[in-house]
Amino acid sequence: MEKYIVVLDLGTTGNRAIVFDRKGRVTAKSYYEFPQIYPKPGWVEENPVDILNTAVKALNDVIMHVGAENILSMGITNQRETVVLWNKNTGKPVYNAIVWQCRRTKQMCDDLRRHRDFIKKKTGLFLDPYFSATKIKWLIDNVSGVKDDIRKGDVIFGTVDSWILWNLTARKVHATEVTNASRTLLLNIKTLKYDPDLLDIFDIPDNILPEVKNSDALFGLTDKNITGKEIPVTAILGDQQASLFAHGGFNTGVIKNTYGTGLFVMTQSGEELIASDKLISTVAWMLNGRTYYALEGGVFAGGAVIQWLRDGLKLIKSPDETALRANVVKSNEGVYFVPALSGLGAPYWDPDARGLIIGITGGTTADHIIRAALESMCYSTKDIIYEFESLMGSGHKLRVDGKASENDFLMQFQADILNMTVEKPAITEMTAYGVAGMAGISAGFWTIDEFLDLLKIEKNYIPSIDEKTRDKYYNRWQKAVRRAFKWTN
């Protein structure tokens, strides 16, 4: 009887369960959305119970399809940095999950700015609302009764992987994995342990923290009442690290970009930790007892810009329209869109920046704005890859995934503005596929080489514009970005 690897892919707007066979093919999948909650401008929350229920529902769908007895092991990949605090006795969250996009702790970060260089050195991360620590602190300070319950030992913390793992294991396992822990601002990136100095800076008690395990660890067994049998969870990875692993990022020289709600550009730097004042230094994964590091640049608004064109401006009815609409006009005709809808991430790290559309004339149409929005994703990616190459040299290749990578206009312009071939794999579910690989390797389902050999490139996008045009476009982009800086300051 054929065996399978099942994956839970816990995203920002929905949860997906996927089953993979030994050839890396998708055998079954299920997806359910859950709502995001916006209590105030810049605040983003989700109901942890919605996250749990949709995850379990999707998981049950695919297990029913292939049979629990045929599942060898499970992997979990998840939106990183999102914070949940819950009562370990009742299982109830103390408040909504605070999502990675949420900017409510900007003032807290400003108040702690004297520590930012120390924090960067310890964690590889910037002191920014993006990461988990200030979100945890906000919940402790602002939710009634939480401080007392923590003192009693009743409340615990987790990123989304921990929250789901705790529930799937019938509340037996309170653990996380090193790539997720490395995004909290609480983990020392060199020792890979929670750092007392960081806990002191953020005033976070250590008794709420989950145990940190290797990416390929045996995290525990699922409750058979939930999954039909006890399934070993043999890997957990943060979503962007999982995607990099799927793209062959186990080998250096590969840059991956996931075009999702945000853009997440990442490359592995081997066992060497490379410091950068513009990029995140982070853990790529821990596999076979060895730690691999990565450089990452995150853009807060990628696909979210297209969603805004649809829901906010009503310029499109579906994201699928954008490639056709962008090709209606011959160029952007001087129109640039800076997608700082919630500040700018890498390489600028300006939470006070705001979105900007510039270059508008009487001849500007909705199609120009749509094209400029798509182009903004490509310019933002180039900003980050430029920093990669300044630290690691040239010669990288870009592999892409995420829903927007299916947009031919977007991918061709990405190749043009980078002057780099863009490779699009045949597998679209790269985040899930990556943690399936890690879980399968951990469980003996594949060797590393067997897994890497499964990857097939479906389409190559070759640069097609001249250097003069490329430089003109990019120089104007940089000029537009500078005008968006410090808007709310």
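Laboratory data are not the source of any read-out in this text; all were calculated from the coordinates shown. Keep in mind that this is a model prediction, so the values were computed, not measured. Because the Cβ atoms are built from the backbone with ideal geometry, glycine has one as well, and the counts that use them run over all protein chains shown.
Details
- The chain: angle of helix 430-442 to the longest principal axis, Cα-based, in degrees nearest 10: 40
- Euclidean distance between Cα centres, region 108-153 to region 370-439, Å: 32
- Label point at residue 64 placed 7 Å out along Cα→Cβ; residues across region 28-44 whose backbone nitrogen lies under 15 Å: 28-32
- Within region 36-151, all pairs of alpha-carbon atoms sorted by distance into 5 Å bins from zero give the percentages 2, 10, 16, 18, 16, 14, 10, 6, 5, 2, 1.
- Extension gain (nm, one decimal) between residue 197 and residue 464, 0.36 nm per residue minus Cα-Cα: 91.0 nm
- With each label modelled as a point 7 angstrom along the Cα→C-beta vector, the residue 271-residue 314 pair spans 6.0 nm.
- Helix 366-392 axis, angle to the chain major axis (alpha carbon atoms, nearest 10°): 70
- Whole-percent P(r), region 179-296, all Cα pairs, 5 Å bins from 0: 2, 11, 18, 20, 17, 15, 10, 5, 1, 0.
- Note that region 65-73 has calculated 3J(HN,Hα) couplings of 5, 9, x, 4, 5, 9, 8, 7, 7 Hz, one per residue in order, obtained from phi through the Karplus relation 6.51 cos²θ - 1.76 cosθ + 1.60 (θ = phi - 60°); glycine and proline are x.
- Label zone of residue 365 (point 7 Å out along Cα→Cβ, amide N under 19 Å): in region 314-357 this covers 314-337.
- Under a 5 Å amide H cut-off, with hydrogens placed 1.01 Å from N, residue 212 pairs with 176 among residues at least 5 apart or on other chains.
- Sequence-distant residues sharing a close amide H with residue 340 (under 5 Å, placed H): 355, 356
- When you count the other C-beta atoms within 10 angstrom of each residue and take the mean per peptide, 427-440, 92-105, 234-247, 126-139 line up highest first as 234-247, 427-440, 126-139, 92-105.
- Each residue of region 297-312 was assigned a 3J(HN,Hα) from its phi angle through the Karplus curve 6.51 cos²θ - 1.76 cosθ + 1.60 (θ = phi - 60°); the sequence is x, x, 10, 5, 10, x, x, 4, 5, 5, 4, 5, 4, 7, 8, x Hz, with glycine and proline shown as x.
- Peptides 11-17, 378-384, ordered by how many other C-beta atoms sit within 10 Å of their residues on average, highest first, read 378-384, 11-17.
- Three-way shape call for region 378-489 based on the alpha-carbon gyration tensor, with the a/c threshold at 1.5: prolate
- FRET efficiency, 1/(1 + (r/R0)^6) with R0 22 Å, evaluated for residue 391 and residue 206 via beta carbons: 0.05
- Translational diffusion coefficient of region 1-80 (Stokes-Einstein, Kirkwood radius from Cα pairs, 25 °C, 0.890 mPa s): 184 µm²/s.
- 3J(HN,Hα) along region 129-136: x, 3, 8, 7, 4, 5, 5, 4 Hz, from the Karplus curve 6.51 cos²θ - 1.76 cosθ + 1.60 with θ = phi - 60°, whole Hz, x for Gly and Pro.
- Full extension of the chain segment joining residue 172 with residue 456 gains 98.3 nm, where the gain is 0.36 nm per residue of separation less the Cα-Cα distance.
- In region 4-239, inverting the average of 1/r over every pair of distinct C-alpha atoms gives 18.1 Å as the Kirkwood radius.
- Among 149-161, 74-86, 186-198, the peptide with the highest mean count of other Cβ atoms within 10 Å heads the list, and the full ranking is 74-86, 149-161, 186-198.
- With only the Cα atoms considered, region 305-350 has a convex hull volume of 102 Å³ per residue.
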